[in-house]
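Just so it is clear, none of the values below were taken in a lab; they were calculated from the coordinates. Quick caveat: nothing in here was measured; it's all calculated off a predicted structure. Note: ideal-geometry Cβ built from the backbone for every residue, glycine included; neighbour counts use all protein chains shown.
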Amino acid sequence: MKKIIFFLVALSMSCKSDNNKANEFDPIAVSINDIAMQKYQDYILGYREDEEVLDTVLFELNRAIDIDSSNYVFYTNKATVLSLLNQDNNAIKALEKATKIKPNFAENLMYLGLLNESIGADSIANSWYSQAIKAYDERIENDQSIVSNKINRAYLLFFTEGKERALKAFEIVKLEHPDSEEVIFMEPLFKEFDRKEALNNFLPFK
């Protein structure tokens, strides 16, 4: 049975390439990626029941990468599909390639932490979590999507410093942004946090 996949606020495991940067990449590869991820999305939402579509999506993402290997989104999307197919080691390799292209992409760094934790590589996972926190710190310092990045950073503390520290960090965000819809949406997820359940929700079909 399909699980509801929970993503952090502004988690950018984008199905489609960044429209602002699309002109920097091969348009044919971008089109192939977008069509592939529309099929993936249809499967996730239950519009398609045939699991074979995931093999097609993976094939098309590999085609996009063959055409243009400079787009980190292609590798991120490939990792998402591989994880769905329970190919976590291959998903990690794909994300590591994405990270070489875009080293400070916090969401990919966190995703690498989650994937490594899911296969029992806790020390490696902690290293990725720490890098993700630093990436969020840089965004916050640069005034980029302040609220969502503060929330995501606070959530990461569940995995690095424990529940008490994460909840305290979230309370600070609440005090700073009491009327934020993002804060209101995320509050139950902080209060009801369970590490195993959170890991399962982040990583599809585990």
Q. Mind listing the phi-derived Karplus ³J(HN,Hα) values for region 160-169, rounded to whole Hz, using 6.51, -1.76 and 1.60 with θ = phi - 60°, and x for any glycine or proline?
A. 10, 10, x, 5, 4, 5, 5, 5, 5, 5
(Q) Just want the ordering: Tyr111, Tyr72, from fewest to most Cβ atoms lying within 10 Å of their own Cβ. (A) Tyr72, Tyr111
Q: Find how many whole Å separate the alpha carbon centroid of region 89-156 from the alpha carbon centroid of region 157-206.
A: 16
**Q.** 0 to 90° range, to nearest 10: angle between helix 52-67 axis and the chain longest Cα axis
**A.** 80
Q | Quarter of the Cα convex hull surface for region 25-101, i.e. its orientation-mean projected area (nm²) | A | 4.5
Q: Counting helices only, and only those DSSP H runs with n ≥ 4, report the 222 nm mean residue ellipticity of the chain as the sum of -39,500 (n - 2.57) divided by its residues, in deg cm²/dmol to the nearest 500.
A: -22500 deg cm²/dmol
Q.
To test your reading of the geometry: what angle, between 0 and 90 degrees and rounded to tens, separates the Cα axis of helix 106-118 from the longest principal axis of the chain?
A. 90
Q) Which angle between 0 and 90 degrees, to the nearest 10, do you get for helix 72-84 versus the longest principal axis of the chain when only C-alpha atoms count? A) 90
Q. Of Lys97/Lys150; Lys78/Lys150; Lys102/Lys174; Lys93/Lys150; Lys150/Lys174, which sit over 20 Å apart, Cα to Cα?
A. Lys97/Lys150; Lys78/Lys150; Lys102/Lys174; Lys93/Lys150
Q. ³J(HN,Hα) across region 89-98 via Karplus (A = 6.51, B = -1.76, C = 1.60, θ = phi - 60°), whole Hz, x for Gly/Pro?
A. 5, 5, 4, 4, 4, 5, 5, 5, 5, 4
